[in-house]
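Q: Okay, here's the structure, questions in a sec.
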Amino acid sequence: MGDVVETTMRSAHLLASAAWMGGSIFYVFVLSRAARTADARAPLAGVAQAFARVVSLSAWTLLATGGYLTFDRLSNTRLETPYVVVLALKILLALWMMLLAGALSRNRGRRPLNREDDGWAARWRVVMPAPRLILVLGTVIFVLSAVLTTMYQAASPPGVGG
């Protein structure tokens with residue numbers, strides 16, 4: 001029964017992250033570029049709202065499944081400090097990504113960023129807008145996940161883990 005639960009949790013975790021990342025790629029490279037004209041913004045607003053719901057569902061799924069998988073992996077006493085450090089970095093980046101997505105969703109429809117604003121934060125938002133930063137963070141998190149899987153498999157006895 002434990003293998004079925006772990007496989008279900010890992011599958012849900014992967015599907016939620018794939019949905020969010022795939023949607024982020026579409027959002028950054030297709031939707032945001034298509035919405036640059038005033039005529040296109042209104043019809044595409046519904047697509048952006050639907051994507052926000054996917055992100056919300058994905059975030060909650062990732063939190064639930066990630067919590068389970070973290071507990072499951074950390075119960076393996078063969079894991080060493082580097083694994084825990086990489087896992088902590090992955091969790092921190094994921095939380096940052098979720099906070100950015102939440103802020104982006106709450107701020108949708110408010111006054112757009114004034115590109116003339118002074119300050120480092122305003123300049124940074126012009127260079128790296130939140131959707132692009134979310135995509136970069138998600139990509140780094142995917143790489144960290146692969147590193148964690150490799151580290152876990154190396155620390156597990158043959159026939160265990162995956």
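Q: Which condition from (1) in contact (Cβ under 8 Å) with a residue 40 or more places away in the chain; (2) within 29 Å of T149 (Cβ to Cβ) is the one that A48 breaks?
A: Failing condition for A48: (2).
Q: Filter segment 71-85 down to residues that are surrounded by 16 or more Cβ atoms within 10 Å (Cβ to Cβ) and either part of a helix (DSSP H, G or I) or modelled with pLDDT of 95 or more (or both), then give me how many there are.
A: Going through segment 71-85 one residue at a time, the tally reaches 2.
Q: Say we look at segment 37-70 and pick out the residues that are among the charged types (D, E, K, R) and closer than 20 Å to R106 by Cα; which of these is surrounded by the most Cβ atoms within 10 Å (Cβ to Cβ)?
A: R41
The values are calculated or read from the model by the stated rules, or taken from the named source; none is laboratory data. From a predicted model like this one, the values you see are computed outputs, not experimental measurements. FYI the Cβ positions are ideal-geometry reconstructions off the backbone, even for glycines, and counts take in every protein chain you see.
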